[in-house]
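The values are calculated or read from the model by the stated rules, or taken from the named source; none is laboratory data. All values derive from a computational prediction rather than experimental measurement. Here the Cβ is made from the backbone with ideal geometry for all residues, glycine too, and neighbour counts use every protein chain on show.
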Amino acid sequence: MRKVTFAAIAVDRNNDQVIVGAVTDYHSFLEACARAEEQCKLRGGYYPKVVLAWEGGGCAYIIFQNRFAGIYSWSLRETEAVAKSEAMTAYLNLTEGTAADIGAGVCNGGKISDLKIHIRPNGGF
């Protein structure tokens, strides 16, 4: 039986700034989510929320806009470069070319064929 690993990204807003906590390669979904929230708190977040969590290989890229602390676009693909390009294209289409305030990317170990999204952002594509 092949063991898969889990990754999670948590976010919070503090004084109109987006705080991000991200972790990869955890052996349980719950542990990955808890650690992502913990990382967000260590960076200044108070009430972080996991916005993306998955198991298996894959790289995520999420683009935020600080003023509204909203997730504008995201992608989860085989490489970070592809995920970033896809997320940025979607962001620019949604905002008619407005520059992004912050982007966060992270890659989880494992095989892309094992990819399964458990929590996905409420926006994007």
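Gly105: more than 14 Å from Asp12 (Cα to Cα), in contact (Cβ under 8 Å) with a residue 40 or more places away in the chain and either among the β-branched types (Val, Ile, Thr) or surrounded by fewer than 16 Cβ atoms within 10 Å (Cβ to Cβ) (or both), yes or no?
Judged against the criteria, Gly105 is not a match.
Could you say which residue among Tyr61, Tyr91 is crowded, with 21+ Cβ neighbours inside 10 Å, more than 18 Å from Ala10 (Cα to Cα) and without any contact (Cβ under 8 Å) to a residue 60 or more places away in the chain?
Working: Tyr61 fails: more than 18 Å from Ala10 (Cα to Cα).
Of the residues listed, the single one that is crowded, with 21+ Cβ neighbours inside 10 Å, more than 18 Å from Ala10 (Cα to Cα) and without any contact (Cβ under 8 Å) to a residue 60 or more places away in the chain is Tyr91.
Filter segment 99-116 for residues that are within 12 Å of Glu80 (Cα to Cα) and out of contact with any Gly (no Cβ under 9 Å at 6 or more places or on another chain) and give the result.
Passing the criteria: Gly103, Ala104, Gly105, Val106.
Only residues in segment 112-125 that are at positive phi count as the first member; pair them with residues that are modelled with pLDDT under 90, Cβ under 6 angstrom, at least 6 apart or cross-chain, and list the lot.
Pairs found: Gly124/Ser73; Gly124/Trp74.
Got a sec? Which of Lys3, Lys41 is among the basic types (Lys, Arg), out of contact with any strand residue (DSSP E or B) (no Cβ under 6 Å at 6 or more places or on another chain) and loosely packed, with under 15 Cβ neighbours inside 10 Å? Please lay out each step first, then the result.
On the way: Lys41 fails: loosely packed, with under 15 Cβ neighbours inside 10 Å.
One residue alone meets the criteria, Lys3.
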